[in-house]
Amino acid sequence: MTLSYADLLKLKRWNTPTVYNGWEVITQNDITQGFNLEESHDFMPHMGPMVGYAVTVQFEPSNPDHPKNHPNAWSEYRKYVASVPGPKIVVVQDLDKPRVIGAFWGEVNSNIHHALGCVGTITDGAIRDTDEMNNAGFKAIARRTCVGHAFSTPVRWGIEVEVFGCKVQPGQLIHADKHGFMVIPEEDEVRLLEASVFMDGNECSTVIPAARSGSGKTIEELLAGIDASGRQFGVNVKNRFGTSGEW
């Protein structure tokens, strides 16, 4: 199911850990999977979270044979990107990893993809032209920066890729920010916003005020209040979703 643009905008107002908190109380999937297991770096944290559906591509900038053997690769790949409804996040697997030979992203490619309805990228490779990418309004979560692009030709696209230890299928919903990213199973999309908003409100009405109300209390009273609020937090989750939730 593809969420409405309005719901995607609402999801964008929450950080990725909050969305994870909502997801874990509604999903039947393994809550230790579906997000980056390796460190990622948000080069545009001031842009806030990004939300969109995955378009996927692999590249291997160390290999000079790709541009020669596939001279139309860029054109064919861009047609694939254009064929997918937006907003889109381009997930790029660098087949040279852990080496960094060249960047898939820079000023030109960011502007082109922005024109094709992409809001940003997640790549386990490198980016360059970070100021120009900012100017294009194109968010990047990547491993590092580098100077050149080398033989940056799309090799395969529209396939399962793996970045930062997380497998991503084309068309999967992604929520990403400075903390990392998570990939939402299709069956969990429809309740994700409701659950995320609820879990944030649940924290704000139970455990957080209990922790911040220690003035004038003994440590025993403070700890007792936190324990009680934690129990109420769990009751609220159980009553709403029939599951337990962690804070």
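Each reported figure results from applying straightforward, stated rules to the coordinates on display, with no laboratory input. It should be emphasised that the depicted structure is a prediction, and the values quoted were computed from it without experimental measurement. Neighbour counts are summed over all protein chains in view; Cβ atoms, including those assigned to glycine, are modelled from backbone coordinates with ideal geometry.
Separation of segment 47-83 and segment 126-169 by C-alpha centroid, Å? A separation of 9 Å, based on Cα centres. Scanning the chain for trypsin sites (Lys or Arg not before Pro) in DSSP loops with at most 12 neighbouring Cβ atoms within 10 Å leaves 100-211 as the longest stretch between them. Mind telling me which of LEU116, LEU223, LEU95 comes out most flexible in a GNM of the chain, alpha-carbon contacts under 10 Å? Of the options given, LEU223 has the highest mean-square fluctuation. Working note: Karplus 6.51/-1.76/1.60 with θ = phi - 60° gives segment 36-42 the couplings 5, 9, 10, 5, 10, 10, 8 Hz, where Gly and Pro are set to x.
Other residues whose C-beta falls under 12 angstrom from the C-beta of ALA211 contribute a net charge of 0, scoring Lys and Arg +1 and Asp and Glu -1.
If you take every DSSP beta bridge whose two residues both sit in the chain, what share of them, in percent to the nearest 5, is antiparallel?
Working: 18 of 37 bridges.
Taking every DSSP beta bridge with both residues in the chain, the antiparallel ones total about 50 percent.
A simple count of charges around ARG240, restricted to other residues whose Cβ falls under 14 Å of its Cβ and scoring Lys, Arg +1 and Asp, Glu -1, yields -2.
Around CYS118, what is the net charge, scoring Lys/Arg as +1 and Asp/Glu as -1 over all other residues with Cβ under 13 Å from its Cβ?
Numbers: positive: ARG78, LYS88, LYS139; negative: none.
Neighbour charge sum, excluding CYS118 itself: +3.
Across the chain, the fraction of Cα-Cα pairs farther apart than 32 Å, rounded to a whole number, is 29%.
Taking each of LYS10/LYS139; LYS10/LYS238; LYS12/LYS217; LYS139/LYS167; LYS68/LYS178; LYS97/LYS178 in turn, the alpha-carbon distance tops 28 angstrom for LYS12/LYS217; LYS68/LYS178.
Here the alpha carbons of segment 192-241 define both size measures, Rg and Dmax, at 12.2, 39 Å.
When you filter the GluC sites (Glu not before Pro) in segment 167-247 for DSSP loop state and at most 16 other Cβ atoms inside 10 Å of their Cβ, you are left with GLU246. Each stretch of four or more DSSP H residues adds -39500 (n - 2.57); spread over every residue of the chain, this sum gives -11500 deg cm²/dmol at 222 nm.
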